[in-house]
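First up is the structure itself, then whatever we jot down about it.
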Amino acid sequence: MEGGDSHNGGASMGNGRGRHRARRGRLLALLLALTFVAVVVASVAGGAAGRLRRSGATTIQSGPLDTRTFLATMDACAGGDASCLAEALAKLPVHATAQQEGDICNRLLVGTHHKSGTVLAKRLFRVLCPNLPEGRRLNHVKPRDYAPGMPFVHFIRDPLEIVVSAYQYHQTTTEVWAVESGYQAMLRNASVVEGLEMEWHRSSYDSIQEEWDVYRHTARQPENAQDVFTIREGDLAQREGFRFIMMALQHWLEIPIDPAPLEKCCFLSEEVRQRGNRHASKSSEKEDLRRAVMARHARDVARLRREMDFPPKGLEPAGEEWGRGEHDGEALGSATTGEGDERRYWSCPPAKSHCVG
């Protein structure tokens, strides 16, 4: 009996490995086929095309698993040459957990921060990983939630965009903490400049501090290079880029599904961004708000962008001096956090916990 069980077990393991290889083959074939269909094909001539294909094919493999890397790959592939992108996807690594265990969703950690893409992450992984265990998608992920070797999808956002979006959102939200703490009333009764300053300090202590801590603890560590997939919310604004990033994510997770449902559930068109919705604030109103924040905190924003590898986007100070701002150390008021703690928000550089009273 024991010999028979051992034989059957060996056969079962062999069948399992065979199914796993077949599954990987189907995934790669699906991704390659969809790349040709979904990505806008740009024609490139002779030797230049060969150089672009070689450049694009190696970009993902050598760079971090980061949406900015994937968009750079699209640029290197003549803005979307299908054969070049297919070659790049084929070279993208699959996470070790997917290779060893097959179903990566049981081990996956998905982390967001307030106004960094929480609703997007929820919708996206409802399609990608409907069996994602409770507690594996964290709205306020912290460095302690990550363990080396763990597959981790981290949603982050440009710090200036967090502040502006949060300022708009907190004036209309029905979230209990914002209403009952009096924070919403404070924002509504303040001038635009005062309200943005309040939101700068709240976000500096909360969302921006969190994503800065987690990013530097995970993606910035070379040993985590193949375990952390960073999604920058602003990189998902264009349809072709969204499609390619979703294909790269599916390849890394080894989840062979049609990407069309991902686009349907989670891509926000420019029209939606302009008018806004319950979870996405109006982009048409943001430019003046950005300028108002940068008038007081340009150096802090520039420093944070550099430390989290966000590209500069204008309105930033020239040169390499990222000193403290003019208003640093000035107390501006207090509010109650979502956890019920009362914190005094100071005008000080973000990611400096000693500045919080």
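Scanning segment 138-154 for residues being surrounded by fewer than 23 Cβ atoms within 10 Å (Cβ to Cβ) and closer than 19 Å to Leu65 by Cα gives a total of 7. Report yes if Arg232 is in contact with a strand residue (DSSP E or B) (Cβ under 7 Å, 6 or more places away or on another chain) and within 24 Å of Ser165 (Cα to Cα), otherwise no. Yes: the conditions hold for Arg232.
For segment 136-153, how many residues meet the condition of being among the basic types (Lys, Arg) and assigned to a strand (DSSP E or B)? Result for segment 136-153: 1.
Per-residue answers, yes or no, for (1) more than 23 Å from the chain's Cα centre (by Cα); (2) surrounded by 15 or more Cβ atoms within 10 Å (Cβ to Cβ); (3) modelled with pLDDT of 90 or more:
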site	(1), (2), (3)
Ala260	no, no, no
Ala295	yes, no, yes
Leu304	no, yes, yes
Pro312	no, no, no
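A single entry from Arg239, Arg232, Arg220, Arg202 fulfils the requirement of being open to solvent by less than 20 Å² (accessible area, probe 1.4 Å) and closer than 30 Å to Val94 by Cα: Arg232.
Take the residues in segment 163-191 that are aliphatic (A, V, I, L, M) and open to solvent by 10 Å² or more (accessible area, probe 1.4 Å), then tell me which one is farthest from Leu289 (Cα to Cα).
Taking the candidates together, the pick is Val176.
If you filter segment 179-206 down to residues that are assigned to a helix (DSSP H, G or I), at pLDDT 95 or above and of a type in the set (Gly, Ala, Ser), you find that the one that is farthest from the chain's Cα centre (by Cα) is Ala185. Just to be sure before I move on: is Pro133 farther than 26 Å from Pro261 by Cα and either modelled with pLDDT under 95 or part of a helix (DSSP H, G or I) (or both) in the structure I sent? So Pro133 fails the test.
The values are calculated or read from the model by the stated rules, or taken from the named source; none is laboratory data. This one's a predicted model, so the numbers in the text were calculated from it and none came from an experiment. Cβ: placed from backbone, ideal geometry, glycine included. Neighbour counts: every protein chain shown. Heads up: the accessible areas ignore ligands, DNA and RNA and are worked out on the full protein's heavy atoms, side chains in. Shrake-Rupley method; radii C 1.70, N 1.55, O 1.52, S 1.80 Å.
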